[in-house]
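Undergrad: What follows is a single structure, and I will ask about it in a moment.
Taken together, the values in this text are just the output of simple stated rules run on the coordinates, not laboratory data. These numbers come from a predicted model, not from an experiment. A quick note on method: Cβ atoms are made from the backbone with ideal geometry, for glycine too, and the neighbour counts reach across all protein chains shown.
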Amino acid sequence: MRLWNYDKFWVIWCSCVDKPRTIKEIQRIWDYKGNALYQKGMRKPIRKEMLDDGFIEDKGKIKERGVSGNLIYAKLDWVPKFLYEFFLDLKLKYNNVLPSQLFDCIVNKKRFIKFLDENRDTFFFPDRLKVLFSDKDTLKNHCEMCLVAPMLVMLNLLMLRVLEKQLKLKKEMLFIVTQSMVFNPAVKLNFFDYSRLVMKDLKMKSIPGGIFDEKKVFVLWMKSAQKIYSDLVV
């Protein structure tokens with residue numbers, strides 16, 4: 001049993017990525033009543049287990065303007081391990097291979113995490129997570145999207161750059177990259193507006209070189225498209 005299998009793990013973790021917060025603050029963000037986020041994990045309260053296992057860190061006590069408690073701050077170094085296991089599970093149990101193939105295109109996981117760390121506000125500001133999930137129940141039911149959504153936005157930005165700079169496509173052709181945001185099967189999530197907010201911050205800023213194997217991403221995209229076209233041929 002992984003600690004990240006507990007749904008409240010995700011509510012706590014994703015709500016203290018952009019800045020340190022107390023559990024009470026996090027409860028207010030997601031409209032929890034009582035002590036819902038003080039639930040037990042495997043052995044003790046889940047917040048303490050998250051601290052012990054290195055998912056969050058303690059930033060000390062705060063007591064001002066009616067806010068009191070211990071500040072906790074999310075750590076990111078465990079993220080590649082989670083994504084690897086999550087995508088592998090999709091591949092082996094559900095024969096869903098493409099997510100693993102996309103993840104394999106991230107050839108430098110440390111630079112990937114560094115970019116997320118440098119843009120914590122952009123990807124993980126609670127108001128933006130609320131755009132993506134709307135409420136705590138959707139977040140708990142689709143918790144992996146806390147991490148998958150930023151990865152997909154980065155891939156979309158990367159492809160926009162490749163098409164614009166390397167293939168010299170004009171704006172009227174760049175709309176093809178936005179297909180995954182508009183025609184998205186995850187209709188319970190507002191990936192479209194979340195992507196717009198994130199991209200507006202990042203603009204067309206280059207995704208740092210060396211994170212993704214651009215050729216590998218493009219080949220995967222092309223081969224996947226060819227499979228679709230071959231099915232349409234009469």
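Undergrad: To test your reading of the geometry: what angle, between 0 and 90 degrees and rounded to tens, separates the Cα axis of helix 214-232 from the longest principal axis of the chain?
TA: The angle comes out near 70 degrees.
Undergrad: Shifting gears a bit: Taking the Cβ of ARG120 as the center, what net charge do the other residues with Cβ under 9 Å away carry, scoring Lys and Arg +1 and Asp and Glu -1?
TA: Counting the neighbours of ARG120, the net charge comes to -3.
Undergrad: What is the angle, in °, between the Cα long axis of helix 79-94 and the longest principal axis of the Cα atoms in the chain? Nearest 10 is fine, range 0 to 90.
TA: 60
Undergrad: Sticking with this structure for a sec: Pulled fully out, how much extra length does the chain show between MET42 and LYS91, if you take 0.36 nm times their separation in residues and subtract their Cα-Cα distance?
TA: Once the chain is fully extended between MET42 and LYS91, it gains 14.9 nm.
Undergrad: Give me ARG120, ARG128, ARG2 sorted ascending by neighbouring Cβ count inside 10 Å, so fewest comes first.
TA: ARG2, ARG120, ARG128
Undergrad: Below 24 Å, Cα to Cα, which lysines can LYS24 reach? Residues fewer than 8 away in the same chain don't count.
TA: Once the sequence-local lysines are set aside, what remains near LYS24 is LYS8, LYS33, LYS40, LYS44, LYS48, LYS59, LYS61, LYS63, LYS75, LYS130, LYS136, LYS140.
Undergrad: Any idea what angle helix 145-161 forms with the longest principal axis of the chain, computed on alpha-carbon atoms, 0 to 90 degrees, nearest 10?
TA: 30
Undergrad: For the chain, taking Cα atoms only, what is the radius of gyration to one decimal and the Dmax to the nearest whole Å?
TA: 19.1, 69
Undergrad: If you average the alpha carbon positions of segment 138-156 and of segment 92-124, how far apart do those two centres end up, in angstrom?
TA: 10
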